[in-house]
Amino acid sequence: MKSLSAFPALIGATSLSIVRNVGQWGVFSLMSVLGMIHVRKLLPKVLYNIHFIGFKSLNIIILVAFFTGMVLGLQGYYTLIKFSAEGMLGVAVALSLVRELGPVLTAIMLIGRAGSSISAEIGIMRISEQIDALSTMDVDPVRYLVTPKVIASLICFPLLTAIFDCVGIMGGYFSSLLLSTRSGIYFSKIQSSLLLEDVTGGFIKSFVFAFIVITICCYCGYYTHQNQSSAGAEGVSNSTTSAVVQSCVYVLIADYVITSFLM
């Protein structure tokens, strides 16, 4: 009987925790957006975060994009050849990258490289009371720490997504050369079939993913001290893990929702 009565209580406690966290994240995200009002004062920190999030992620984005395009080209060729439609290989690669894989894989790569680091950095600042010191000095911690990262992410995610798409298409082209297909057909089909709406949809996703990823990673680090199950270095580790997992899950959920509206 006790186990049966404890089950509804567990569901209720879990539901309340989810609602509280979502509401807290919403307020946190709103505060980071409102901090953009005085963006000129934050320009040096914005430039630093653009370098950290964007430029330092360029190598891994190019590497992953190239081999993603090669794999798409290889798999697409052996699928299309069954229908005698290997001339549509360029279209298959380009649309797959621009519509879906480009924005999603770029976001996931940036979660692993930049998002985890940002969450750990802010988490360490929280447990070492540096954030409390900012509040004591009458400096808004969210505006000072989070807003520059949000602005930098909104700039870097679309640019890196565009680079991912272009490099991925070239990877597919390189794969088509290895398969001895005609390169002229590859690019001509892309030019005739890839529409502006496809590119626009990919950029819309990258903007949404940027906001989701950076706010979740900053939020998990900022509220590390609320993790009752662990403290200190273990708390930072758990917050970073939570930030990466939640960001990946919500990117995939947002991808489905946005795609359903754009179809």
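The values are calculated or read from the model by the stated rules, or taken from the named source; none is laboratory data. Model, not experiment: these values are computed from the prediction. Note that each Cβ is placed from the backbone with ideal geometry, even for glycine, and that neighbours are counted across all protein chains shown. Calculation scope for accessible area: heavy atoms of the full protein, side chains included, ligands and nucleic acids excluded. Shrake-Rupley method; radii C 1.70, N 1.55, O 1.52, S 1.80 Å.
One-quarter of the Cα convex hull surface for the chain, in nm²?
If I average the Cα hull's projected area over directions, I get 18.5 nm².
Please compute the per residue accessible area over the chain with all protein chains in place, 1.4 Å probe, rounded to a whole number of Å².
Details: 14040 Å² over 263 residues.
I get 53 Å² per residue for this part.
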Practice task
Please report, to two decimal places, log10 I(q)/I(0) for region 159-223 at q = 0.28 Å⁻¹ as given by the Debye formula with identical point scatterers on the Cα atoms and no solvent.
Solution key: -1.16
Problem - Rounded to the nearest 20 debye, dipole of the chain from Cβ charges on Lys, Arg, Asp, Glu - result: 120
Handout entry: Helix axis angle, 58-80 relative to the chain longest principal axis, alpha carbon, degrees
Key = 50
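Which FRET efficiency value, to the nearest 0.05, is calculated for Arg40 and Ile204 with the Förster distance at 25 angstrom and r the Cβ-Cβ distance?
My answer for the efficiency is 0.35.
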Completion exercise
So the angle from the long Cα axis of helix 196-222 to the longest Cα principal axis of the chain, reported in degrees to the nearest 10, equals 30
Handout entry: Inverse of mean 1/r across different Cα pairs in region 16-125, Kirkwood, Å
Key = 17.5
Handout entry: Furthest towards positive pole of dipole, Ser188, Thr241, Met36, structure part the chain, Cβ charges
Key = Ser188
Completion exercise
Once the dipole of the chain is set up from charges on Cβ (+1 Lys and Arg, -1 Asp and Glu), the residue from the list Val46, Leu89, Ile62 lying farthest towards its positive end is Leu89
Completion exercise
Expressed in nanometres to one decimal, the distance between label points 7 Å along Cα→Cβ at Gln191 and Asp140 is 5.0
Exercise for the section: Please report, as a whole percent, how much of the solvent-accessible surface of the chain comes from carbon and sulfur atoms (probe radius 1.4 Å). Expected result: 70
Handout entry: Value of Rg to Rh for region 108-259 (Rh from inverse mean 1/r over Cα pairs, i.e. Kirkwood)
Key = 1.14
